[in-house]
Amino acid sequence: MENFIPKLKKLKKISLLLLLLPSLTLANIIIENTPIPGGIAVLDFDSNKSNPRAFYKSRPLFTQHIDGEHWQALLGIPLWQKMGKIAITIKDFSTRTLVVDMKNHQYEEQHITLKGDKKKYVNPNAKYIQRINKERPILSKARVVFSTKILADELFIRPVDGITTSPFGLKRFYNGEPRRAHTGLDYAGDIGTKIKAPAAGKIILTGNFFFNGNAIFIDHGQGLISVYIHTHKILVKQGQMVKQGDIIGTIGQSGRATGPHLHWGVYLNGIAINPNLLLENQER
Ligand SMILES: [Zn+2]
């Protein structure tokens, strides 16, 4: 009988390894190739290295294992990207280049009127500009966080059930003045409506900011970050781990918002992309 004990221990170790392996090696985010401004280019490649890396310029890209020697890199493409080709570098035992052929896409215009106290968001005064300048590096830093481990274990679910009031990519004008395009998508909802985490991740930033109001940032790993702005209540803390469906906050109208809604943004390699592309049931 004594002989069996070490064998059993070994078996336990093996089954524990098998349990751990899928989440570490198999692909989680299988999406369609959308090489348009604000889209995601999906680049398939082969590698027999256990951790090949992909880069755009010097920025690391989301890289996932499909099966065997098949790997995939996801590139978030900026809304301001011009037509043409984008070169991606793959690094394993050697260095190779993959090329993305851009496709055109036209986004619509949106004209927004801000009244009363909300007018301060069109042309902020010196005091607000000081605040904006102080907040900008905090927000940009959170958008480019790159953690090696993929935390999102599946495609995204919608953070709220409301209807989309403002799609991604709209060219925006505030009180007639051109401003940055809409880098997320808006869902209508009453103040206090619960917001769910669309996938597992880590809360990397929460706080109140001039334009964003009460904001929550989730890191899903490998440069995939989701953000929730204009919220009423923030129900999570920095450093907290969340699972898909966990309540992270509630809908509000804090910051530059004309009414209660959730602005949902998704960043990939630091670039705002259309959140719909990551949804399990796409609504494009
Ligand atoms: Zn928005």
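Counting neighbouring beta carbons within 10 Å and listing from fewest to most, the residues Thr193, Thr95, Thr165 come out as Thr95, Thr165, Thr193. Here's how it looks for Gly207: its modeled amide H is under 5 Å from those of Ala215, which are all 5 or more places away or on a different chain.
Helix 4-25 sits at what angle to the longest principal axis of the chain, using alpha carbons and giving 0 to 90 degrees rounded to 10? Rounded to the nearest ten degrees, it is 30. Pairs from the table (Lys115/Lys233; Lys49/Lys134; Lys118/Lys196; Lys120/Lys194) lying more than 31 angstrom apart at Cα are Lys49/Lys134. Placing unit charges on the Cβ atoms of the charged side chains and taking the dipole of the chain about its Cα centre, the candidate lying farthest along the positive direction among Leu277, Ile150, Ile29 is Ile150. Report, to the nearest 10°, how far helix 126-143 tilts away from the longest principal axis of the Cα atoms in the chain, using its own Cα long axis and a range of 0 to 90°. Taking the Cα atoms of the chain, the angle to 126-143 is about 20 degrees. What separates the Cα centres of region 48-127 and region 238-284 is a distance of 17 Å. If you run the Gaussian network model on the chain, springs between alpha carbon atoms under 10 Å, then out of Gly68, Gly265, Gly192 the most flexible one is Gly68.
What you get for the chain, charging only the Cβ of Lys and Arg (+1) and of Asp and Glu (-1), is a dipole of about 1180 debye around the Cα centre. Whole-Hz Karplus values for region 85-101 come out as 10, 10, 9, 10, 9, 9, 10, 10, 7, 9, 10, 10, 10, 10, 10, 9, 9 Hz, taken residue by residue from phi with 6.51 cos²θ - 1.76 cosθ + 1.60 and θ = phi - 60°; glycine and proline positions read x.
Can you tell me which of 176-187, 234-245 comes out highest on packing, and rank the rest after it, using the mean Cβ neighbours within 10 Å? Mind dumping the intermediate values first?
On the way: 176-187: 17.1, 234-245: 14.6.
Going by the mean number of other Cβ atoms within 10 Å, highest first, we get 176-187, 234-245.
Restricting region 60-146 to trypsin sites (Lys or Arg not before Pro) that sit in a DSSP loop and have at most 16 other Cβ atoms within 10 Å of their own Cβ leaves Lys82, Lys103, Lys115. Per the Debye calculation on the chain with a single equal scatterer at every Cα and no solvent contribution, log₁₀ I(q)/I(0) for q = 0.08, 0.10, 0.11, 0.16 Å⁻¹ amounts to -0.38, -0.57, -0.68, -1.29.
Per-residue ellipticity at 222 nm from helix content only, as computed over the chain with -39500 (n - 2.57) for each DSSP H run of at least four residues, stands at -5000 deg cm²/dmol. Sparse packing (at most 11 other Cβ atoms within 10 Å of the Cβ) combined with a DSSP loop state is found for none of the trypsin sites (Lys or Arg not before Pro) in region 182-212.
Readers should treat all values here as calculations from the given coordinates under stated rules, not as data from a laboratory. Everything quoted here is computed from the prediction, not taken from an experiment. Positions of Cβ are backbone-derived with ideal geometry, glycine not excepted, and every protein chain shown enters the neighbour counts.
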